[in-house]
Amino acid sequence: MENLSKFNEFCYIYNMITVAETVREIVTGNPELRMGMAKGLMNLSSVARYIHPAVEARAKKPVRASAIAMALSRLQEELPNLANTPTPKLGRKITVQRGLAVLTFPNTARCREGLLPLQAAVGKANGHLTISDGVREITVIVDQSALPLVKENVRERPAEKRTGIASLSVALTRENLSTPGVLYRLLEPLALQGMNVAEVTSTTTEFHIYISEEDVMLALESLDAAFG
């Protein structure tokens, strides 16, 4: 009887560990759940009911909702409290540039051939030009007034074209470079406002967020409230 009791205890502990690991995988793989739990915004019983089918599917066995809630409670204590993490300091005020266009082209030899003369033409006009060279696509961000130059030099039809775009250029400090999640913290206020980010680019100490011109003032107010 004693051996049977120990076996049952082992099975219980093993099942709880399995449930806890499954819950951890689901929560850490979902940014919304992870952020909500870290900030204490979610009712754990409701979260347990919500992820119950996913936990059972991944664990491949029936799991009680109370066991999931217990695993969530323990996990919440381990999650970093994002609300209490140091607020990143920005290097200087955010710079805004309006009247931009974002074009995405297929990454072809013909497209690449046109980028060099395009850079020269836009540079001569002291215009804005950002090029992101991906594996399958190339994104070009220019002043809307330079669209004829793009058409003239890049002789490919854009797969996507968006106008009425503005850039928010955020200067980061050297201390930000080693701060985990700093770019996430910059985008979070905009996501909470339901804004659609058209594109992002960066250098070592600059982060550029491209959004609709209609959202510029709300974006600035949101970032100022978060980091001001």
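What follows is calculated from the coordinates using simple rules that are stated; it is not laboratory data. From a predicted model like this one, the values you see are computed outputs, not experimental measurements. A quick note on method: Cβ atoms are made from the backbone with ideal geometry, for glycine too, and the neighbour counts reach across all protein chains shown.
Place a +1 charge on the Cβ of each Lys and Arg in region 95-227 and a -1 charge on the Cβ of each Asp and Glu, then give the dipole magnitude about the Cα centre in debye, rounded to the nearest 20.
Dipole magnitude for region 95-227 comes out near 540 debye.
Classify region 133-228 as rounded, prolate or oblate from the Cα gyration tensor: take a ≥ b ≥ c as the square roots of its eigenvalues, call it rounded if a/c is under 1.5, otherwise prolate when a/b beats b/c and oblate if not.
Because a/c hits 1.5 or more and a/b exceeds b/c, region 133-228 counts as prolate.
Determine the gain in length on full extension of the stretch Glu175-Glu21; use 0.36 nm per residue of separation and subtract their C-alpha separation, reporting nm with one decimal.
Length gained, Glu175 through Glu21: 52.0 nm.
Consider the candidate values (1) 1, 7, 15, 20, 21, 17, 11, 5, 2, 1, 0, 0; (2) 1, 6, 12, 12, 11, 11, 10, 10, 8, 7, 5, 4, 2, 1, 1, 0, 0, 0; (3) 1, 6, 12, 14, 15, 14, 13, 10, 7, 4, 3, 1, 0, 0; state which one is P(r) over Cα pairs in 5 Å bins from 0, in percent computed from the structure displayed.
Identified label for the calculated read-out: (2).
Just grab the label-to-label distance for Arg110 and Thr95, each label 7 Å out from Cα along the Cβ direction, in nm (one decimal).
3.6
Among Ile26, Gly181, Thr201, flag the residue with its Cα farthest along the positive direction of the charge dipole of the chain, charges on Cβ as +1 for Lys/Arg and -1 for Asp/Glu.
Ile26
Give me Asp133, Asp215 sorted ascending by neighbouring Cβ count inside 10 Å, so fewest comes first.
Numbers: Asp133 12, Asp215 19.
The most exposed by this proxy come first: Asp133, Asp215.
Let me know the shape class of region 166-212, please: from the alpha-carbon gyration tensor, a ≥ b ≥ c as square roots of the eigenvalues, rounded when a/c is under 1.5, otherwise prolate if a/b is greater than b/c, or oblate.
Here region 166-212 falls in the oblate category.
Order by neighbour count: Thr163, Thr179, fewest other Cβ atoms within 10 Å first, most last.
Thr163, Thr179
What is the helix-to-structure angle for 2-28, meaning the angle in degrees between its Cα long axis and the longest Cα principal axis of the chain, kept from 0 to 90 and rounded to the nearest 10?
Once rounded, the angle reads 20 degrees.
How do 122-128, 196-202, 139-145 rank on mean C-beta neighbours within 10 Å, highest first?
139-145, 196-202, 122-128
Can you show me the helix-derived [θ] at 222 nm for the chain, built from DSSP H runs with n ≥ 4 at -39,500 (n - 2.57) apiece and divided by the number of residues, rounded to the nearest 500.
-15500 deg cm²/dmol
In degrees, nearest 10, range 0 to 90: what is the angle between the Cα axis of helix 109-124 and the longest Cα principal axis of the chain?
For 109-124 against the chain, the angle is about 60 degrees.
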